[in-house]
Each structure stands twice: as C-alpha cells, then as structure tokens.
1. Percent of Cα-Cα pairs per 10 Å bin, from 0 to the last occupied bin, for segment 1-90, please list those.
2. Ranking 174, 363 by Cβ neighbours within 10 Å, fewest first, what do you get?
3. If we count other beta carbons within 10 Å of each Cβ, what is the order of 271, 36, fewest first?
4. Using only Cα atoms, figure out Rg for segment 20-211 and give it as a multiple of 2.2 N^0.38 Å.
5. Can you give the extra length, in nm with one decimal, that the chain gains between residue 172 and residue 371 once fully stretched, where that is 0.36 nm per residue apart less the Cα-Cα distance?
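A short reminder: the numbers here are calculations on the coordinates, not readings from a lab. Since we're looking at a predicted model, the values are computed, not measured. All Cβ positions, glycine included, derive from the backbone under ideal geometry; neighbour counts span all protein chains shown.
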C-alpha cells in the first residue's frame, strides 16, 4: 500500500470532494439469548463495510482474491467506526478483530510503476479497488417485551447502527444486504422475520419473534387441565366418599394457587399477563366451585334425609295424638318447613338434581368451550400481529 505524505486519515471524500458511499453487508449469525423478563436480547452479527479511497494506491495486489492489509497499514488509513444504539456497552463482546482487505474491481487495469520504484511492479489506484472491513460483534440490546398476550405474544426488537458522529459528514450509509444465518428457534421463541433499512447515516432493523406455544401447553395448560379432570372425577364418588371428594378438590386448589403465585412472580417485572392470568383464574375457579357445590349438595341431601325421617315420625304421631297442631309445630321447628300438600318431588330434590347436572355436564361443556375460545382468540390475534409486522 502506498500512502502520500499529505494523506489525512481523519477525513475522506471521493474525487469530486463529495461524500463517499459506504456499503454495509449485515449477517446475523446467531441469537444467543432472549430474556423476556429482563427486556433484553443478545444477537451476534457479522458486519462488512465496503468503500473506496481514491487517495490510496496499492502495489502488486492479486486481482483474483482479497488481499489482507497488515495491522500497521490499517492504522494509517481512514476506516469506518460503527456505533451500536440501545446496547449495554459493558456487555458488548468483540468476537473478532476488524480485518481490512483490498480487492480489485472487475476489468480494472493496473498501471506499470515508473522508475521511481525500485522494483518492477504494477499499481492499482484507489478508484479501481474496493476496501472491505469485516468484524463480528455481540451485544445485549434493549427490547421492550409486552407480556399481556403471553403465550400468544409477538415481539418486535430493534437494532440500530450509526456511523460515528465525526465521520457522518463524510459518508452516505447504504445497506447492501441483510442475511440471517442463525437458528430459527431460540429457547421458547421463533424468529419470524428480519427487516433492515438505512436512513441517512443510521441503519435501523427490526427482528420479529413469536413465542412457541408448546412451552405454555407443557408447563401450564396440561397440568391445569389434568388437575381439573381429576377434580371432575370426584363428582362420581359415592355419597359416603364426600370427605374424600372435598379433600381432593382442596388439594387441587392448593396446587393451582401455588402455580399462580409462581407464575405471578415470574411476571413480576412485566406490564401484565392477562391471557395467562385468565387461564389460571378459570382453572382455579373450577375446584373452588366444585367444593362449594358439592358441599351445598351434601347439605341438601342431609336435610332431605332428615325431612324424610321426621315425616315418618310425623305420620305416626299425627295418627295417635289428638292435637296434630302440636306435631305440625314440632315439624316446622325441626325441618324449617310446614308440611302442607307436599308433592312427591321436593324443592330440595330439584336443587340437588340441578347441582348434579351442573357439576357433571354443564361445567365440563363450559370448560371445553373456554379452552377452545382461549386458543382461538390467541392464535387469531397472533396471526394478525405477524401480518402487521410483515
């Protein structure tokens, strides 16, 4: 590389003293981690700059390949400085040193060196060559995760690059290409799309990710559904197993409450988790109402049994005692009702049948409908968000 004595590495321009075009190729090589509760994500990327510096001359370069410049040569020339916006500078990793190379444009013809050169050589001027600087970096970028629709949430994380303020007046930043070679799935997220564009000396990109629903199904949906299925099975226990049925449902209630507390703690820093909270609230209410309604039904059955026992005594006593009004008063005190024209099907029996119908059939149908509506609304909303970000 040949550098004139008047070369200034702090400025650059083309031959007409205009800003140069600085082309950028960006390759996202990996998404190392995504922390939704911490509102950060960590991509690693490879950046390649391409520019021309007409003030430079290159001697005896291979026109068929890229020619690497030595570190002392790179230190003498102008090179772009890229700044990362919205990134924790203390957690930025330089994965590789910046490597600068020079390659010859197609059909460029070298000039034979004059007699001022000691050896016979060929010279390529800067306007017939391209300088390339390549580097790999990784950093923790800030991304505001909205957890309201979790587990059907779609997140848009931004990456912003800019040219150093001191260099911005000399260059026009142009995005040449963007390629994603990293994995399509990271932890519980799917990488849906990557969009980048350049505006002035700022290059802005959006990475759209959506959550894998299987995580929610395995850790939340399946356990709660199984627990409520076990609770529903207690409706078919015999009357003599009432204590066991209530004990099972209270245990399920305790387990689901513990799950809700753990989930709430995991979303402590989130702005809300309404979809997950709705699922857990409905799941929690099922064993709660199981206990209430089973207890109510048992009380009604006990009362009905007590009424039947006193009815037998009532008939016997009223047939033998000359003052039946005293027997009626006793019956009213004990059972709470006055036995006048009592039909074969009592009001208590009708309430028992209604409670049994609700516990054994209506509740199950309602729960299945809730599950269908929950997932239908979530998936529809997710598809709408993905289309909006396309």
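1. 11, 35, 29, 17, 8, 1
2. Going from least to most buried by this count: 174, 363.
3. Details: 271 11, 36 23.
Ranking 271, 36 by Cβ neighbours within 10 Å, fewest first, gives 271, 36.
4. The value comes to 1.25.
5. Working: separation 199, 0.36 × 199 = 71.64 nm, distance 5.39 nm.
Length gained between residue 172 and residue 371: 66.2 nm.
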